[in-house]
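> Handing you this structure, nothing more for now.
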Amino acid sequence: MSALLSPSALELVFALFGLVAVGAAVLVVTTRHLVHAALWLVVSLGAVAGCFLLMSAEFVAWMQVLIYVGAVVVIVLFGFMLTRAPIGPSDDLTTHNRWAALLVATAATGALVVLLVDGFAQAVLDLSDPVPADAAVIGGALFRWWVLPFEALSVLLLAALIGAIAVSRLRRQGA
């Protein structure tokens, strides 16, 4: 029974990555600098990728880095630059509903924790004999069954980028 209560080094590193991810996510939504929020998002997503690496899910971890950190955050930063969003502190980002938002976020987090603990209370993950993820099987499933959502997402991101350019040019002509 004592083996279940004493954490291993892997579990401690996993907890550290989890704390970094949560801390950076809190900084994403509380910072008043948009660019700093995007950079904290990179830290949070990188910590999540570290959690995936520790769970022997290397393929998912690298997809996390390539897709979210490498693509989504770059598009967000391009959107900031092209629409001439305020780079410094912005009072427009401050709302008077901060306490209501904190209450809703706390309630949602509590409900999620209760749901996860109840759903996975009896689940045991054996990391002593990890099963290697077969990238060919995952890639086959992605490009056979999930290719349409991927393409729809790429068109949506392209449309957002074109819209940001159009809005930027309209502001430049009007100014």
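> With each pseudo-label sitting 7 Å past Cα toward Cβ, what's the residue 30-residue 159 distance in nm, one decimal?
3.6
> So what J values fall out for the range 6-12 if you push phi through Karplus, 6.51 cos²θ - 1.76 cosθ + 1.60 with θ = phi - 60°, rounded to Hz, Gly and Pro as x?
Each residue of the range 6-12 in turn: 8, x, 8, 4, 4, 5, 5 Hz.
> If amide hydrogens are placed 1.01 Å from N in the peptide plane, which non-local residues have theirs closer than 5 Å to the one on residue 33?
The answer is none.
> If you don't mind, there's one more thing I want to ask. Taking the Cα-to-Cβ direction at residue 117 and at residue 56 and moving 7 Å from each Cα, how far apart do the two end points lie in nm?
Taking the simple label geometry, residue 117 and residue 56 are separated by 2.8 nm.
> Determine, for each peptide in 35-42, 101-108, the mean count of other beta carbons within 10 angstrom over its residues, then list the peptides with the highest first.
Answer by packing, highest mean first, reads 35-42, 101-108.
> Another question, if that's okay. By counting other Cβ atoms within 10 Å of each Cβ, how are 83, 109 ranked from fewest to most? Let's see the in-between values first.
Numbers: 83 14, 109 11.
Neighbour counts put them in this order, fewest first: 109, 83.
None of the figures in this text is laboratory data; all of them are computed from the coordinates on show. Keep in mind it's a predicted model, so treat the numbers as computed, not measured. With ideal geometry, Cβ positions are generated from the backbone for all residues, glycine too; neighbour counts draw on all protein chains shown.
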